[in-house]
Amino acid sequence: MTIIDMHSHFFPMSDAAHAEAAERDGLPWLKPTGAGEGMIMVGGREFRPVREALWNPAARIEDLDRNGIDMQVICATPVMFGYARPARDAAETAKRFNDQAVEMAAHDSRRLKALAQVPLQDVDLACAEASRAMATGHLGVQIGNHLGNAYLDDERLLTFLTHCAEIGAAVLVHPWDMMARERMPKYMLPWLVAMPAETQLSILSLILSGAFERLPKSLRLCFAHGGGSFAFLLGRVENAWAQRDIVRVDCPNPPSSYLDRFYVDSAVFSPDSLQLVVDVLGEDRVMLGSDHPFPLGEEAIGQLVGTHDRLSGAAKAKILGGNAARWLALEEVAAA
């Protein structure tokens, strides 16, 4: 069995020219702080302390070896998205970061794979960069869960998702730019409260809008962090759909009938939470995802799944690798 971690992040170390320009223009960049550590900066502001595995593929492989992980998928740290920037500037930045991701994965192409970022604010540029990135070795894309006040049921984003289905790109939806930050100024509450809510909102925007009725069934879509609060609150949504016509006005079928249209990862950090996710979504729809190498990720990658005492051996095999191989279409990649 090949064990695949399909949700991890990278951020390339900034050279002097990029660091100077990013600091001046208020953009994200990575500053080394010594002894295998660094600081993600946004302009001149410190954003997050990080460690070497984020930018050094050799250090990342050491982490994978220590945890018995055969393959890991890297994707942009969400602060890199740049959706508020002019579209052509964001497209140029996405191209540079995507090429750096391929370069990082080339350190060991059997062990490291990549998902691209795109300038989602311009659907034509986003589709073009997704296609270009796939041609250079990416297996799909990672996108944020919204674009300003537009969620995944927005016509532009549906056009992009349809394009991803057409070119065979896996899509990871990652929460970012969390809601109501002004009400959660302390204790990392945006990451603890708003982030799961953002992900549930993303899923429901596709279900209740009827978007899944229009999107190709070939679209391979995954929502990070166990789908956020979706699994726990699906019963509430089902009840609302049954009782209120304003909930089902655009959604012709019960919300639970769309569970076979997307995957979630296992980054939920509790055996009971993982069991709930598997019970609701099914063992064919959950994949190992660690959020490595961030402190809010799974420190011992795969341990939650591997040591779970209520999952069968067959379920563990699917979650630890089989489902991700299907989501990433690795068989097709190998055949090509």
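Quick notes on this structure:
- Enclosing the Cα atoms of the range 169-305 in their convex hull gives a volume equal to 124 cubic angstrom per residue.
- Residue-by-residue Karplus 3J(HN,Hα) for the range 31-39, coefficients 6.51, -1.76, 1.60, Hz, glycine and proline x: 10, x, 10, x, 6, x, 10, x, 9
- Using only the C-alpha atoms, the convex hull of the range 30-74 corresponds to 77 Å³ per residue.
- The relative contact order of the chain, computed from alpha carbon pairs under 8 Å that lie at least 6 residues apart in sequence, is 16 percent.
- Amide H contacts for Val141 (H built 1.01 Å from N in the peptide plane; partners 5 or more residues away or on another chain; cut-off under 5 Å): Ala116, Ala170, Val171, Leu172.
- Computed from the C-beta positions of Asp25 and Ala242, the FRET efficiency with R₀ = 51 Å rounds to 0.50.
- Since only Leu204, Met287, Ala105 are under comparison, the one whose Cα sits farthest along the positive direction of the charge dipole of the chain, derived from C-beta charges on Lys, Arg, Asp and Glu, is Leu204.
- Cut-off 13 Å, label 7 Å out along Cα→Cβ of Ala165, residues of the range 255-287 by amide N: 261-262
- Rg to Rh quotient for the range 69-122, alpha carbon positions, Kirkwood Rh: 1.05
- Panel values: the range 63-208, Kirkwood radius from alpha carbon pairs, Stokes-Einstein at 37 °C and 0.692 mPa s, translational diffusion coefficient 204 µm²/s.
- Whole-Hz ³J(HN,Hα) from phi, Karplus 6.51 cos²θ - 1.76 cosθ + 1.60, for the range 261-277, glycine and proline x: 9, 7, 10, 9, 9, 9, 7, 10, 6, 8, x, 5, 5, 5, 4, 4, 4
- Dividing the mean sequence gap of close Cα pairs (under 8 Å, 6+ apart) by how many residues the range 144-255 holds gives a relative contact order of 30 percent.
- Taken along the Cα-to-beta-carbon direction at a fixed 7 Å, the label points for Asp99 and Ala128 span 1.6 nm.
- From largest to smallest, the equivalent ellipsoid semi-axes obtained for the chain from the alpha-carbon gyration tensor read 29, 24, 20 Å.
- Semi-axes of the equivalent ellipsoid of the range 39-137 are 25, 19, 9 Å, computed as sqrt(5λ) over the eigenvalues of the C-alpha gyration tensor in descending order.
- If the chain linking Ala16 and Asp108 were pulled fully straight, counting 0.36 nm for each residue of separation and taking away their Cα-Cα distance, it would gain 30.5 nm.
- Fraction of antiparallel bridges per DSSP, the range 1-148 only, in percent to nearest 5: 55 percent
- Our note on the geometry: Cα centres of the range 152-185 and the range 205-271, 14 Å apart.
- 1.4 Å probe accessible area per residue over the chain, in Å²: 43 Å²
- Between the amide H of Leu112 and those of Gln72, distances stay under 5 Å, these residues lying 5 or more places away or on another chain, with hydrogens modeled in the peptide plane.
- Net length gained if the chain between Thr2 and Arg326 were fully extended (0.36 nm per residue, minus Cα distance): 115.4 nm
- Separation of alpha-carbon centers, the range 75-127 and the range 24-48, rounded to whole Å: 18 Å
- Think of each Lys and Arg Cβ as +1 and each Asp and Glu Cβ as -1; about the Cα centre, that makes the dipole of the range 178-225 roughly 80 debye.
- As a fraction of the 1.4 Å probe accessible area of the chain, surface on carbon and sulfur atoms comes out at 53 percent.
- When only the Cβ of Lys, Arg, Asp and Glu is charged (+1, +1, -1, -1), the dipole of the range 74-123 relative to its Cα centre reaches about 140 debye.
- Put simply, when 80-90, 198-208 are sorted by average Cβ atoms within 10 angstrom per residue, most first, you get 198-208, 80-90.
- Per-pair calculated FRET efficiency, R0 = 30 Å: Leu296 and Arg183 via Cβ, rounded to 0.05: 0.90
- For Ser290, residues with placed amide H under 5 Å, excluding near neighbours: Met6, His7
- 22 Å Cα-Cα reach of Lys95 towards lysines, excluding residues that sit fewer than 8 places from it in its own chain: Lys31, Lys113
- Pairwise inverse Cα distances across the range 1-83, averaged and inverted, put the Kirkwood hydrodynamic radius at 13.6 Å.
- Assigned charges on the beta-carbon of Lys, Arg, Asp, Glu; the chain dipole about Cα centre (debye): 300 debye
- Only beta bridges with both residues in the chain are counted; by DSSP, about 35 percent of them are antiparallel.
The values are calculated or read from the model by the stated rules, or taken from the named source; none is laboratory data. All values reported here derive from a predicted model rather than from experimental measurement. Because the Cβ atoms are built from the backbone with ideal geometry, glycine has one as well, and the counts that use them run over all protein chains shown. Accessible surface is based on the protein model in full, side chains and every heavy atom, while ligands, DNA and RNA are left aside. Shrake-Rupley method; radii C 1.70, N 1.55, O 1.52, S 1.80 Å.
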